[in-house]
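FYI, it's all coordinate maths here, none of it is from the lab. The structure displayed is predicted, hence computed values, not measured ones. So basically every Cβ, Gly included, is an ideal-geometry build from the backbone, and we count neighbours across all protein chains shown.
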Amino acid sequence: MAESDWDTVTVLRKKGPTAAQAKSKQAITSAQRRGEEVETTKKWSAGQNKQHLVTKNTAKLDRETEELHHTRVPLEVGKVIQKGRQDKGLTQKDLATKINEKPQVIADYECGKAIPNNQVLGKVERAIGLKLRGRDIGQPLVLEAKPKKK
């Protein structure tokens, strides 16, 4: 056990390429020329902000075939919203602010593109004072007072 020097270390291998160098086109071709194995894989939705895979059903729904489509707000309701808003002297932005929604929501409801939401319709009804749901669309909204508890 004499004459052993445990403090000295000798490295006999060359440092490999860094990750960025290994991914370059030049590094890949040179590795292929040397006869080394090169594995290339494409990551699923790499570098994109996609979280969901578009399925056949979603594509069908987007095309809005007769079997699968969202019901839209009738144009009659959109006209009533527009008339009520203008009678009160409000812009789409003013009405949207009043009911805590985005102006685009009001625009979609007025042109008949929106998918009906009872919460939004209720807020718009109360803001413009006209009924938007049921049989008598466009009639003045009568708010019923709740009886007081004793």
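Ranking request for peptides 131-137, 93-99: highest mean number of other beta-carbon atoms within 10 Å first, then the rest in descending order.
Top to bottom by mean Cβ count within 10 Å: 93-99, 131-137.
Given points 7 Å out from each Cα along the Cα-Cβ axis, report the Ser30 to Cys111 separation in nanometres with one decimal.
The answer from the label model is 5.7 nm.
Between Arg135 and Lys88, take the C-beta separation as r, use R0 = 35 Å, and let me know the FRET efficiency to the nearest 0.05.
Rounded to the nearest 0.05, the efficiency is 0.90.
What does the net charge come to around Ala96 if you take all other residues with beta carbon closer than 12 Å to its beta carbon, with K and R at +1 and D and E at -1?
Counting the neighbours of Ala96, the net charge comes to +1.
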